[in-house]
Amino acid sequence: MKILHRYLLKEVIVASLGATATLTLIALLFESLKKLADMLVNNDISTATIIYALLLLIPSALTLTIPCGLLTGVVIVFGRMCHSLEITAIRSAGLGLIPFIAPVILLSLRSVFFVCIIMPFSPPWA
């Protein structure tokens, strides 16, 4: 069961990190890049200032994109596992649903805890 839990966590973490990075990039591009590009063109603000401003916006964007990225990663992994009949094989081996998804539940609780920690501090930084 340890091997199965490690496999499941590895798949969910990789898919979630990819989805979170993509969603964060999209959120930063759509939310602030237009404003920052106008400031760069009109007021001759340096590129280093623009990069610094984008880096300051990442924590506030992560409070929204971490839960969405985790949800996307879980849906991708379990959808792929269902499509390739891995879930059916695991269920036929006698493993119940709750012990099977327990590592994913613990990962989601950890991510909720992380978001609750960075949520009060991210708006003052941005």
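Some values worked out for this structure:
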item	result
Proximal charge balance of residue 86 [Cβ under 13 Å; K/R count +1, D/E count -1]	+1
Folded to 0 to 90 degrees: helix 34-43 orientation relative to the chain principal axis, Cα	20
Global geometry of segment 68-126, whether rounded, prolate or oblate, following the gyration tensor of its Cα atoms and the 1.5 cut on a/c	oblate
Hypothetical label at residue 39: residues of segment 51-88 whose amide nitrogen lies under 12 Å (7 Å Cα-Cβ projection)	51-57
Gyration tensor verdict on segment 1-68 (Cα atoms; rounded if a/c is under 1.5, prolate if a/b is larger than b/c, oblate otherwise)	prolate
Against the rule of thumb 2.2 N^0.38 Å, how large the Cα Rg of segment 2-120 comes out	1.41
Ranking of 82, 68 by count of other Cβ atoms within 10 Å, fewest first	82, 68
Furthest towards positive pole of dipole, 100, 81, 22, structure part the chain, Cβ charges	100
Residue among 97, 17, 70 with the largest mean-square fluctuation in a Gaussian network model of the chain, springs linking Cα atoms under 10 Å	97
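Bear in mind that the values in this text are calculations on the coordinates, not laboratory data. Quick caveat: nothing in here was measured; it's all calculated off a predicted structure. As a convention, Cβ positions derive from the backbone with ideal geometry for all residues, glycine included, and neighbour counts pool all protein chains shown.
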